[in-house]
Every structure is written in structure tokens, then in C-alpha cells.
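Below is one structure; the comments refer to it alone.
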Amino acid sequence: MLNIQSELGSSSSCDVGSVPFESGNQSINVEESADDSPTVKTSLTRQQLSVLVIVNLSLISLASCYALLAPFFPKLAEKKGATSIQYGLVFGVFNLVILITSPVISILVPFISSKVIAATGVFVTGTCSVLFGTLNLSPHGTTFIVLAFAVRIVEAFGSASMFTVAYSIVGNEFTNRRATALATMDMSFGVGIIIGPSIGGVLYEVGGYMLPFFVLGGILLFQGFIMMFLLPESECIVENTKGDFRKIVFNSVFLVDMLNVLTTLLFLGFIEATLEPHIRPFGLQPSILGLIFIICGGFYAGSSLIWGCIFDKFPTSLLPLFISSAFCAASFIFVGPAPFIPLDTSLWLVIFSQIILGIGIGGKSIIGLNHSLRHTISQGLPDNMSTVAIVSGVFNSVNAFGGFLGPSMSGVLVEYMGFKGGSMVMLGIETAMIFVTSVHCLWLFAANRVKNQTKQVDEERVPILSS
């Protein structure tokens with residue numbers, strides 16, 4: 001039996017054989033002791049501690065800068081004459097750029113120092129955050145939109161550089177504690193998403209639109225210099241992918257899992273780009289508005305450990321996926337609220353919908369990734385880095401595509417249907433996903449039952465034939 005550390009550091013026992021297992025957020029790190037029982041090292045070297053602290057502090061600041069747009073940018077964009085479609089695309093282009101540039105950055109890693117790439121990415125992101133704070137000085141109309149797109153695209157390239165190389169640096173340093181180390185990175189990014197709008201709201205009240213971007217962007221610029229001089233040099237090892245890509249991706253179970261993952265960032269992107277105009281009539285102070293935006297991310301991060309434990313306990317059951325999908329569907333019923341329920345728009349309904357949406361997308365993302373990985377290995381592909389790299393790579397690409405599609409769709413939907421109409425489209429998408437997942441599960445159940453019956457018949461015939 002092996003001790004599996006989940007992405008949040010919890011452990012559970014699962015018999016998966018003797019081959020070390022590693023994914024983007026999980027790893028099994030086992031050392032055999034004299035009595036053949038697995039033990040895990042717990043001490044940190046000075047270099048490992050330096051890498052972990054510097055990278056995680058940079059991720060917190062980077063996520064804080066990324067999250068500043070949601071509560072403050074839509075209002076400015078409308079004052080500058082931008083439509084919801086246009087500023088929705090400004091939100092969405094960030095993930096599109098990450099989707100396109102991440103593979104290119106991975107190719108550059110063997111030829112350029114990983115520390116230089118990471119520090120440059122942090123510095124570029126900080127610079128773009130400061131530039132975003134000056135957009136209120138831009139002329140109205142086309143000039144504003146062009147500048148917003150240009151800054152957002154360059155910022156996304158910097159963030160992609162940091163994301164791509166940081167996981168390689170930390171993963172390479174923590175060969176025996178990789179799961180715990182990578183989990184701290186995920187949590188740091190989540191912390192940044194939460195505190196960014198909160199601090200930004202306070203700074204907005206003190207100094208207006210420019211101050212939040214200047215302060216947080218300036219902190220990120222300082223961390224870029226710190227990373228360049230103090231981050232230990234770490235050689236990133238790039239392995240050739242030898243897994244069967246087509247066999248993994250063109251599998252019905254894998255496709256259904258990835259469709260569920262796709263909807264998580266799609267839903268989050270829709271809320272990110274459209275919620276502020278929807279709740280603007282309540283006249284909330286910027287600090288309170290910032291808190292509204294961190295609710296979903298906070299419950300997403302807080303529920304991750306619970307969903308991971310549920311999957312560890314019931315790895316073959318998709319019931320948790322249905323439950324998380326139900327949370328997402330309920331969220332879009334109440335956020336508007338839906339025309340078919342006798343309730344008026346209220347702040348408490350918006351807050352409640354954000355809570356259950358965070359819980360729902362957390363489950364869909366975590367269960368989708370782990371179930372697709374487990375199924376892929378169960379189909380006979382090797383339980384090694386090549387297979388896991390393909391699954392994790394597709395997962396990240398699907399997340400980025402969902403992050404682009406959500407804000408982009410939201411602008412069009414709100415422009416022609418309003419927020420309530422757009423939320424009903426999101427409800428329809430999730431209802432369709434529940435239907436597709438249900439039909440697929442029934443089909444798999446029937447296919448497995450026929451397979452087991454055939455196997456049982458074959459086993460009953462063996463003694464007769466052998467005699």
C-alpha cells in the first residue's frame with residue numbers, strides 16, 4: 001500500500017501498485033526503509049525553503065493583480081464607451097494567450113535559464129498591472145479598447161511564463177515532497193485571488209482606480225528583482241512525452257470528464273465579467289464589492305480538500321460529480337434569479353449563489369481531473385510521467401479554453417439577453433452536461449455488465465474445455 005498525498009497535503013491509502021505516480025498536483029513519493037515500509041522525508045534544505053517562499057509570494061502577488069480587473073474594470077470600460085462584448089473579450093483574451101503561449105515557453109526552458117524566465121514573467125506582469133492602472137487616462141472609444149487588449153495580452157504572456165516555469169522549478173527541487181510543494185503553489189494562487197479584490201477595494205476607496213494597480217503591480221515588480229537575485233538556480237528537466245495521446249484524448253470517458261472541467265472556468269468567467277454590472281444597483285462600496293467577488297474563489301479553495309477526500313474514498317463513483325453539477329445549476333437559478341422562481345433580485349441571493357457556485361466548480365474540476373487520470377491508467381496505459389503529463393496538459397488547456405470562452409460568451413449574452421438571460425444559458429449548459437454525463441454513465445454501466453457476463457461465461461467454460 002502506498003501513501004498518497006493529495007494536492008492539499010492530506011493522505012489516504014490506496015493500492016495502486018509499486019510504480020511511483022505523479023501528476024500536476026499529486027505525487028506519490030516513497031522511500032523503502034529497512035523493514036520495507038514506505039517512509040517520506042520531512043526536512044527541507046535551505047535551497048528548497050528559498051525556492052518555496054520566493055515562488056509562492058510571487059504567485060500570491062500575481063494572482064492578486066489578475067483578480068483586480070473583475071470588480072473595477074467593467075465600470076471604467078463602460079465610462080470609456082466600451083460594450084460588454086468588448087470588455088468581456090478583454091477578460092477572456094488572458095486565458096487564450098496562456099493557452100497559445102504555454103507550449104512555446106515549455107520549448108524555451110532547455111535553452112534559457114528557468115530563473116530568468118520566471119523572473120521576467122513576474123516583472124512583465126507587474127509592469128502590465130501598473131500600465132492597467134493608467135487606462136483611466138486613455139481617450140474614449142477605440143483607443144481605450146486597443147490599449148486594454150494590448151496590456152492584457154502582454155500581461156498574460158508574463159503570467160504564462162511564470163506559471164510554466166514555476167511548476168518545473170518547484171517540482172524539480174522537491175523530488176520527495178512534490179505533492180505538498182505543488183499544493184502550496186495552488187493555495188498561494190487561491191490566496192492571491194481572494195486578497196487581491198479585498199486589498200484593491202480598500203485602496204480604491206483611498207486613492208481611486210489607479211492606486212490598487214500601482215501598489216500591487218509595484219509589489220510584483222519588486223518581487224521580480226528579488227527572484228532574479230535570490231532565487232536559487234534550478235535545472236528544469238524536460239522529458240519527452242511518449243504516452244499515446246490519441247488513445248487518451250479520444251476516449252469517451254476522458255472527453256466527458258474534460259467537458260465537465262471546461263464548464264468550471266466557463267461559469268467562473270461568466271460571473272467574473274458580468275456580476276459587477278448586475279449588482280451595481282445596490283450601490284456597494286468598492287471594499288464590499290471586492291468581498292463579493294472573493295466568495296466564489298474562497299469556497300472553491302475551501303471545498304477542494306473535501307472533494308479530494310470524497311474522491312479518494314469513492315474513486316469509482318461519479319455521484320460526487322453529479323452533486324457538484326447540481327450545485328452549479330442551483331447557483332445560476334438563484335443569481336438572477338431565474339424567471340421561473342417568485343423572487344426578486346437581492347444581494348443575499350447573489351451571495352448564496354456565489355457560495356454554491358464555488359463549491360460546485362471545485363468538485364467538477366477536481367473530480368474531472370482525477371477521474372480522467374484514473375480511467376486513463378485503468379485502460380492499460382503506463383502509470384508514468386508520460387501518461388500523466390498528457391492528462392495534465394490537456395486539463396490545463398481545457399481550463400484555459402474555458403477561461404477564454406466564459407468571459408467572451410458573457411459579453412455577447414449580456415449584450416443581447418441581459419444578465420438574467422445569460423445566466424439561464426449557463427443553466428442550460430450545465431443541465432445539458434448533467435444529461436450527457438448521465439447517459440454516458442448508463443451506457444458504461446450497460447457495457448460493463450455485458451462484459452462481466454461474457455467474462456463469467458468464459459470462466460465457466462474453462463474447466464469443461466480443459467478436461
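The values are calculated or read from the model by the stated rules, or taken from the named source; none is laboratory data. Remember, predicted model here, so these are calculated numbers, not experimental data. Here Cβ is always computed from backbone atoms with ideal geometry, including for glycine, and neighbour counts include all displayed protein chains. Surface accessibility is based on the protein's heavy atoms, side chains included, excluding ligands, DNA and RNA. Shrake-Rupley method; radii C 1.70, N 1.55, O 1.52, S 1.80 Å.
For region 282-377, with all protein chains present and a 1.4 Å probe, just round the carbon and sulfur fraction of the accessible area to a whole percent.
75
Packing-wise, with mean Cβ within 10 Å as the measure, how do 200-206, 445-451, 345-351, 273-279 rank, highest first? Please report the intermediate quantities before stating the final value.
Values: 200-206: 20.3, 445-451: 10.0, 345-351: 14.7, 273-279: 22.4.
Answer by packing, highest mean first, reads 273-279, 200-206, 345-351, 445-451.
Can you tell me the order of 79-89, 323-333 when each peptide is scored by its average per-residue count of other Cβ atoms within 10 angstrom, highest first? Don't skip to the end; give the middle numbers.
Working: 79-89: 19.9, 323-333: 21.8.
Going from most to least packed, we get 323-333, 79-89.
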